[in-house]
Amino acid sequence: MTGSPRASQPAPFGRLAPSPTGPLHVGHARSFLLAWLHARSRGGRIQLRIEDLDRERCKPAYTELALADLRWLGLDWDGPVHVQSEHLEPLNAALDELIERGLVYPCVCTRAELAATLARAASAPHVGDEQPYPGTCRGRFRSRAEARAATGLEPALRLRTPPGAVEFDDALAGPQRFEPAAEVGDFAVARRDGVIAYQLAVVVDDARAGVNEVVRGRDLLSSTARQILLQRALGLPQPRWWHLPLVVDDDGARLSKRGAGFALADLRARGVDPRALIGWALRSSGLDAPVRLSATEAVHGFQLSRLARAAARFGAAELEALLAARAG
Ligand code: GLU
């Protein structure tokens with residue numbers, strides 16, 4: 001069965017959720033464009049949410065840059081921009097609920113202690129570079145206050161991750177199965193400096209906004225299992241997930257904010273036509289599109305389900321093509 005909309009289905013509500021930790025690059029442009037088109041092509045709404053809870057890594061200048069990049073691409077959004085750091089109350093309330101219901105526990109492990117423990121038990125299964133938390137502080141303290149009094153340290157809070165598999169059907173990546181308890185263990189929902197962790201913030205804010213379609217990069221696929229556990233714990237609805245194939249460079253490496261080049265701000269400064277970037281984004285995703293078109297022009301007939309499942313490439317040749325298209 002393909003996803004033909006039924007009358008009873010709610011109107012699509014998506015979101016663009018950049019983290020202002022660096023300049024956005026062409027991979028972000030493609031993800032945000034596809035998320036935007038997915039909502040707009042079905043008459044849906046879309047929120048812009050700035051995920052800036054990590055004060056050390058996020059900079060207001062990058063928020064400004066992201067807004068300018070999105071406008072340059074011709075993307076818009078409904079309602080005010082939701083800046084996460086300005087709306088901490090619902091996030092803290094969700095954390096309090098998890099604490100009250102005994103679903104999380106305080107943890108005073110430092111990074112160095114964790115690294116040492118994990119090095120001793122190097123055989124545990126893990127996803128990517130992540131090592132599962134070994135559960136050192138599980139059952140150690142009855143409350144945050146007790147953890148503080150006993151150690152003089154401010155504790156983080158970790159979910160008591162239930163054992164077993166979490167399965168879900170991704171609209172692009174297909175059926176998925178993760179075992180968060182074995183792969184990541186009891187994961188943090190609040191850090192030791194009091195910052196609410198991404199996994200918790202994302203489920204609370206999506207639910208509060210009414211987001212029912214999440215379109216984002218495939219690098220977040222395994223996080224989804226953790227988010228589902230939190231949605232279940234808090235009784236929040238599960239959106240439909242669309243995890244996009246990533247964009248890779250000539251070496252096959254995923255584009256990163258720290259990596260060289262391909263920042264949208266640079267392309268803008270070099271006079272690149274955003275319509276050529278949109279043409280690349282659609283064509284590199286296996287979609288039928290002219291070499292240049294505006295975001296609005298791409299809305300008609302857009303279907304995210306037609307997206308190619310392989311990674312898209314943006315390398316030297318693609319950059320050259322964008323620069324060459326400036327004059328015409
Ligand atoms: N803010 C996250 C990022 O930039 C995306 C979060 C999400 O889409 O769930 O990687």
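Values as computed for the structure displayed
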| read-out | value |
| --- | --- |
| Computed Kirkwood radius, in angstrom, where 1/r is averaged over Cα pairs of the chain | 21.2 Å |
| Three-way shape label, the stretch 258-313, alpha-carbon gyration tensor, a/c 1.5 | oblate |
| Considering only the chain, percent of DSSP beta bridges that pair antiparallel, nearest 5 | 50 percent |
| Dipole magnitude of the stretch 13-70 about its Cα centre (Cβ charges: Lys, Arg +1; Asp, Glu -1), debye to nearest 20 | 320 debye |
| Whole-Hz couplings from phi, Karplus 6.51/-1.76/1.60, listed for the stretch 264-281; x for Gly and Pro | 4, 4, 5, 4, 4, 5, 8, x, 5, 7, x, 5, 6, 5, 5, x, 4, 4 |
| Per-residue HN-Hα couplings for the stretch 166-171 [Karplus 6.51, -1.76, 1.60; θ = phi - 60°; Hz; x = Gly/Pro] | 10, 10, 7, 10, 8, 5 |
| Unmatched cysteines, the chain - criterion: no other Cβ of a Cys under 4.7 angstrom | Cys58, Cys109 |
| Per residue accessible area in Å² of the stretch 132-181, where ligands, DNA and RNA are left out and the probe is 1.4 Å | 53 Å² |
| Magnitude of the charge dipole, the stretch 209-328, Cβ model with Lys/Arg +1 and Asp/Glu -1, debye to 20 | 360 debye |
| Interatomic Cα distance distribution for the stretch 148-298, bins of 5 angstrom, percent | 2, 8, 12, 15, 16, 14, 13, 10, 7, 3, 1, 1, 0 |
| For the stretch 26-43, Karplus couplings with θ = phi - 60° (6.51, -1.76, 1.60), whole Hz, Gly/Pro x | 4, x, 5, 4, 5, 4, 5, 4, 5, 5, 5, 5, 4, 6, 5, 5, 10, x |
| Charge dipole (the chain, unit charges on Cβ, about Cα centre) - positive-most of Leu323, Pro60, Gly43 | Gly43 |
| Cβ charges +1 (Lys, Arg) and -1 (Asp, Glu), total dipole of the chain, debye | 220 debye |
| Label-point separation in nm, Glu179 to Arg111, each point 7 Å along Cα→Cβ | 2.9 nm |
| Of all accessible heavy-atom area on the chain, the percent that carbon and sulfur account for (1.4 Å) | 51 percent |
| Whole-Å distance, taken between Cα centres, linking the stretch 247-325 and the stretch 44-66 | 22 Å |
| Whole-number accessible area per residue in Å² for the stretch 190-309, which is evaluated in the context of all protein chains at 1.4 Å | 43 Å² |
| The stretch 1-95: C-alpha gyration tensor shape, a/c 1.5 cut-off, then a/b vs b/c | oblate |
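The values are calculated or read from the model by the stated rules, or taken from the named source; none is laboratory data. Keep in mind that what you see is a predicted model, and the values were worked out from it rather than measured. Because the Cβ atoms are built from the backbone with ideal geometry, glycine has one as well, and the counts that use them run over all protein chains shown. What goes into the accessible areas is simple: the full protein's heavy atoms, side chains included, and nothing from ligands, DNA or RNA. Shrake-Rupley method; radii C 1.70, N 1.55, O 1.52, S 1.80 Å.
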